[in-house]
Amino acid sequence: MAGGFGTGKTTLVGSVSEIPPLTTEELLTEASKPVDDLAGVESKTNTTVALDFGRRTINDEVVLYLFGTPGQDRFWFMWDELALGALGALVLVDPRPARLNSSFAAVDYFEARRIPYVVGVNMFHGVCAYEDHEIRSALKLGTEVPFVRLDARDRESVRRALIRLTEHALARLPVLGEPAAR
């Protein structure tokens, strides 16, 4: 799970994990105010400083290990470790006008590493000023990138997004005996 600061990654992992999630949240401090963009998330008091971890069984053959990335720039060094061996990613987007741009870097990250990803528009604020095609255009997403709307607080909504991500990632795995696509 990746995305900008305050897009709902910790909430998402907690809502769908079948085990108590591991979180590394710390209080936001006065020292972080000049660094963290709180526009649109002024009431946020905690932030992930390393990772979130959970697990979700999809079926008897597929178990997902969920790693949530920290959202602030200063913690991005963790992303390479968390993405190592990843078959796919769910990039969360906060669709409010002041927050939409917070997920651009996550999209770029997974595209640069050729890791399949699904964009999840987190509707936890209940509003979206944009149509799907406008968000797709703003993020410069090709039509091959799946796009889902979800509510990070709702287990069933997140489960459907994870199933879509799993299908998308599995469809891109090389067939045994064939060379991987470059």
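Worth pointing out:
- Mean projected area (nm²) of the alpha-carbon convex hull when region 44-150 is viewed from all directions: 7.7
- Selected from Gly142, Gly68, Gly120 as most flexible by GNM, with the chain as the system and alpha-carbon contacts under 10 Å: Gly142
- Ala50 long-range amide H proximity, modeled H, under 5 Å: Thr24
- Rg/Rh (Cα only; Kirkwood hydrodynamic radius) as it applies to region 97-174: 0.95
- Probe 1.4 Å, accessible area per residue of the chain, Å²: 54
- Accessible area per residue (1.4 Å probe, heavy atoms of protein chains only) ranks Tyr130, Tyr109 as Tyr130, Tyr109, with the largest value leading.
- Among 60-66, 8-14, the peptide with the highest mean count of other Cβ atoms within 10 Å heads the list, and the full ranking is 8-14, 60-66.
- Rolling a 1.4 Å probe over the protein heavy atoms of region 44-127, with every protein chain left in place, gives an accessible area that is 56 percent carbon and sulfur.
- For the chain, the membrane-span-like helix rule (DSSP H, alpha carbon extent of at least 18 Å along the helix axis, mean Kyte-Doolittle at least -1.0) picks out 155-171; this says nothing about an actual membrane.
- Accessible area of Glu26 (1.4 Å probe, protein heavy atoms only, ligands and nucleic acids ignored): about 100 Å².
- Other residues with beta-carbon under 12 Å from the beta-carbon of Ala171 carry, at +1 per Lys or Arg and -1 per Asp or Glu, a net charge of 0.
- DSSP-defined antiparallel bridges as percent of all bridges, the chain, nearest 5: 50
- The chain: most fluctuating residue of Ala86, Ala171, Ala105 per GNM, C-alpha cutoff 10 Å: Ala171
- Dipole magnitude for the chain: about 220 debye, using +1 per Lys or Arg Cβ and -1 per Asp or Glu Cβ, origin at the Cα centre.
The values are calculated or read from the model by the stated rules, or taken from the named source; none is laboratory data. The model shown is predicted, which means the values in this text are computed figures rather than measured ones. FYI the Cβ positions are ideal-geometry reconstructions off the backbone, even for glycines, and counts take in every protein chain you see. Protein only, heavy atoms only, side chains kept; ligands, DNA and RNA dropped before computing areas. Shrake-Rupley method; radii C 1.70, N 1.55, O 1.52, S 1.80 Å.
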